[in-house]
1. Would you mind stating whether N493 is of a type outside the set (V, I, T) and in contact with a strand residue (DSSP E or B) (Cβ under 8 Å, 6 or more places away or on another chain)?
2. Are any residues in the stretch 475-512 in a strand (DSSP E or B) and either within 15 Å of the ligand (Cβ to nearest atom) or not β-branched (V, I, T) (or both), and if so, which ones?
3. Does T535 satisfy being outside any loop (DSSP other than H, G, I, E, B), surrounded by fewer than 16 Cβ atoms within 10 Å (Cβ to Cβ) and out of contact with any Asp or Glu (no Cβ under 6 Å at 6 or more places or on another chain)?
4. Can you name the residue in the stretch 465-524 that is more than 30 Å from R592 (Cα to Cα) and among the β-branched types (V, I, T) and is also surrounded by the fewest Cβ atoms within 10 Å (Cβ to Cβ) among such residues?
5. Restrict the check to the stretch 437-445 and report whether at least one residue is assigned to a loop (DSSP other than H, G, I, E, B), touching a strand residue (DSSP E or B) at 6+ places or on another chain (Cβ under 7 Å) and of a type outside the set (A, V, I, L, M).
6. Which pairs have Cβ atoms under 8 Å, sit 6 or more apart or on different chains, and link a residue in the stretch 468-483 that is of a type in the set (S, T, N, Q) to one that is in a strand (DSSP E or B)?
7. State all residues of the stretch 519-543 that are more than 8 Å from the ligand (Cβ to nearest atom) and aliphatic (A, V, I, L, M); if no residue qualifies, say none.
8. Can you go through S516, S561 and tell me which one is under 23 Å from V450 (Cα atoms) and more than 14 Å from the ligand (Cβ to nearest atom)?
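Values in this text are rule-based calculations from the coordinates and carry no lab data. Model, not experiment: these values are computed from the prediction. Neighbour counts are summed over all protein chains in view; Cβ atoms, including those assigned to glycine, are modelled from backbone coordinates with ideal geometry.
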Amino acid sequence: MQSIQRHRVWLGLVAVFVVLGVALGCWRLAYLRQFGEVERQVQDRLTINLRSVESEIERFRYLPGVIGQDGRVVATLQQRGSTTPAEAANLYLQAVRDMSGADELYVLNLSGETIAASNWNEPGSFVGHNYAFRPYFLDAMAMGSGRFYAVGVTTGKPGYFLSSRVDVEGQPVGVVVAKVDMGPLALTWAAAGEMSAVADRDGIVFLSGDPRWNYRPLQALTGDTIELLQAERRYDGVDIAAAAPLAPPEDAVAGSLLINLPDDTYLLGRRAIEPDGWQLLSALPLEPVEREARLMGGLAALIAILGLGALVFANQRRQIVRLKLEQNVILERRVAERTQALAHEVEERRRTEAELRATQENLIHAAKLAALGRMSAAIVHEVSQPLSALDNTLAAADLHAQRDAPDEVHRTLGNARNLLRRMQRTVKHLRTFSSRRDPGPPEAVNIATVLDAALDIVAPQARDGAVRVEKAVGPDLPRVAGNAVRLEQVFINLVLNAIEATAEADKREVRVTALSDERGVSVEIADTGPGIPQTVRERLFEPFFTTKSTGESLGLGLSISRTLVEEFGGALRFDVRPEGGTLVSVVLPLYRAEAAHKRLASA
Ligand code: ADP
């Protein structure tokens, strides 16, 4: 029991681990897949944005060179040492600015001082300001052209500065600068909700669609870089050194940078913009990736749980089926065992029965011997007494004959014959008794006919005793199974007993009725005699039991009658009538042809 529980705990733990493993695996797979997808989207954006940034810059690349060719500009530059702005140049620059869409256009002399500018007549004009410290001036002087992104020292507005040196007869006379405002690009990104930006070669974001990004380095700046920034006054008025880096370097994942903003973590993609060493940046939030991964992990866990549930269910079903099969086997074995036990029991009973039958037969044999003994004594008594009386009577007759007294002889011989008749009757009864063992097959007996014959025979005795015998026999009684002669004997005996019982009564009546029902035919003999006392009733059917003192009564009638009736499958019983007298009833079974055949067959 305990081991089963431990087994279950283990299985439960394994199930939990499987579910967790599947969920984690799916979460990870989904995360990586979605991450890749986001990365691809970031790269796509970078490609598109690169084109816009490049075209924005390229649009104005030619402008300083072209302006440097203009006579008005060259003329202005050639007035060495002069600080008076050339009005023609100013107007020209102003016109070109308005037509080209550049932010500002201006001309610097060899010392880096602005001598003409498109905003010459506007507040914050560049005219008179010195930009010799700016790399775009230095580069142009050294290499012919320069470019630089910076926050305007005069205006405070950021811009891209494109510069070109103006040479006259191989000698540099000054530098023309075009300031391009890239703000609209950032506005476009902001309007599109894009997290796109441009960072300079030091990784400082200077142009972005998200104001949170502006003037922040991607990674922490070194001291050298900060110094350089200050020297160049690249982002004049902005404290870059204090700005927090956008992406801590350790967050780099598979070559991409992750940046944490207050609302979410973003995947940052980078692309170099040559020739300034700029980086184009684009970021997409990772929240949908995580959400999708969580969803997939959850789904996988659910499927795993369902799968495990199905497995448990199937396993339980299998166990139930196995249990049922085992139970069936046990049941079959029990049935087999029980059948064997029953067979054994039956065998035992059969043996006991055989033993019982043997014992019974022995007993019957003993009882028969005892009955034979009693019968012999009765027969000896019944026969020897009339024999000795006969002997005396014959001797008396002989004496009367010698004395020649014919009347006396006649009377004595009459007595002798009476004695002989009595002996004959006894012998006749005994014959019936001895031959009753073989009743033969039952025949179809018409009980009305049998009763008529029996009543005819007893009619003289009834008449002598002044007894009224009545008969009430139902019409069309069905036939009963038996033997007409023997049944006649039975009824003669019963009716004679009834007649004799009424001998002393005031009212002497015997009534014989016969009725039929589904069980058989019942014949009732009712008399008005004294009835039968309990002590007599117990011994009624004993052979040779009689209460009659006349020598004619043998006490065999009822014993023979009951034996005969029972042999035909009937029943004989005695009852006391409530109004006095005895009621004897004989029930005999109906005759059935097939039953008779069966008995015949088994006989
Ligand atoms: P028996 O008639 O020779 O005496 P049975 O065997 O026919 O022998 O009857 C036995 C005894 O049963 C009779 O002696 C009698 O006492 C009693 N008996 C039988 N029939 C009746 C009856 N209808 N009324 C009272 N007693 C009866």
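1. Answer is no for this residue.
2. Once the filter is applied, which keeps residues that are in a strand (DSSP E or B) and either within 15 Å of the ligand (Cβ to nearest atom) or not β-branched (V, I, T) (or both), the stretch 475-512 yields A481, G482, E509, V510, R511, V512.
3. yes
4. Selected residue: V469.
5. Yes, the stretch 437-445 contains a residue that is assigned to a loop (DSSP other than H, G, I, E, B), touching a strand residue (DSSP E or B) at 6+ places or on another chain (Cβ under 7 Å) and of a type outside the set (A, V, I, L, M).
6. These pairs meet every condition: N483/E443; N483/V445.
7. Within the stretch 519-543, V521, V523, A526 meet the criteria.
8. S516
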